[in-house]
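Participant: My questions all concern the structure below.
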Amino acid sequence: MPDTSPTRADALLAAATLGLVAVAVAADRPAPGGAALAVVAGAVLGGLVVCARRWPLPALLATAFVILGYYALDLPPVGVAAPAAAVLYRVSERGRVVPAAVVAGSLLAVSVVARLAEGDDIAVVVGTELGSEAALLLAVIALGDAVRNRRSLRAALVRQAVAADEERHREAARQVEAERLRIAREVHDTLGHTMSVITLQSAVAREALADSDPAQAEGALAAIRSVSGSAMAELRATLGTLRREPGQREPVPGFDQLPALVDGVRRGGLAVDLRVEGPVDTLPAVVGSTVYRVVQEALTNVLRHAGATRVTVTVRATPGRLALEVVDDGRGGPPAGDGTGQGLRGMAERVALLGGTVETGTVQTGTAATGDTGAIDGTRATGATGTSGGFRVSVHLPLAGVAA
């Protein structure tokens, strides 16, 4: 919003207008009454310059009438352009260029007609003075408009800078939130899987000690030590990102660590069959990390909820697409009973970031029927008629466009 209060510039312009009239009075030496009236008119013109900041059009019209009245009273000549210049500048600066030009042209026309009617030389009036007066009026109007445009441009640049700064802050907040969710997923997957394996191996060790089988108990404790060490390494890598510059991260697990993940589960007594088909070594690291975490979460759910004895993990890479399937022979049904656990939610979020899909559901031995039976953040459950034969997690990832 423009400032409508008088400024030092307004005071200077008002003083210059009054000074112009005073110089004309001193040079013309009119009668005392005429001199006083001319000075009063100059003061009024100066006051109108100040008023033009807040009321540009009324001040412009009042200025025109004062100038016409000035000459109607036959006061010392000061021209038309000079006493109107300050108001015309201020009015055009306030964005009223067209009214300023119309009033300036009208004053010039009235001045020329009046002087020619009084018998002044047409060559002097039209050939000399009209050009100089018109040039001065045009210059002050153009100057005022240029100042306004420059001020508007500066304000627009400030607004753009503020908007860009706000967008940077929003983008930084989005990145922080995305990183927070990523770390939360990493910690959940690592701790969930580790605690499940530890729980299972602890039960194996307890039973082995009860059966006086120290070798089996020692193997279970070794498995606990191994999975705990791996979990600590992953947690250090994940939390290490909080101590680094944005964009710097520790290496994440991928395809090469799937055998170690499966071996850790096997040592707990669950038979896991890992099948990798196709060239996975050349795939982007983000794909390998996503597959690793999905398999980890699926195996964790099997250990916690399925009551299964065997799991088959199949990774199949084809040109432009990767398919992952984890199938167990447990009791079937979604994890935790309602299928709304954070594990499946995080699994779906990971896959959705790469434009993929997740389908979960009970494996049926009868006639299959597919339908939405409780989608979880992009996952789709499949149901069927027949006898339950375990639980299946199926992931499809498009590889086209995934950055390395």
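The values are calculated or read from the model by the stated rules, or taken from the named source; none is laboratory data. Quick caveat: nothing in here was measured; it's all calculated off a predicted structure. Please note: Cβ atoms are built from the backbone with ideal geometry, for glycine as well, and neighbour counts cover all protein chains shown.
Participant: Looking at residue 231, is it at pLDDT below 70, assigned by TED's automatic domain parsing to the domain that holds residue 400 and of a type outside the set (D, E, K, R)?
Facilitator: No; evaluated as a whole, the condition is false for this residue.
Participant: Inside the stretch 281-306, can you point out the residues that are touching a residue at least 40 places away in the same chain (Cβ under 8 Å) and not in a helix (DSSP H, G or I)?
Facilitator: Of everything in the stretch 281-306, those that are touching a residue at least 40 places away in the same chain (Cβ under 8 Å) and not in a helix (DSSP H, G or I) turn out to be 283, 284.
Participant: What number goes with the only condition from (1) modelled with pLDDT under 70; (2) loosely packed, with under 14 Cβ neighbours inside 10 Å that residue 193 does not pass?
Facilitator: Here residue 193 meets the rest and fails (2).
Participant: Still on this structure, please answer the following. Does the stretch 348-359 include one or more residues that are buried (at least 22 other Cβ atoms within 10 Å of the Cβ), modelled with pLDDT of 80 or more and part of a strand (DSSP E or B)?
Facilitator: Scanning the stretch 348-359 turns up at least one residue that is buried (at least 22 other Cβ atoms within 10 Å of the Cβ), modelled with pLDDT of 80 or more and part of a strand (DSSP E or B).
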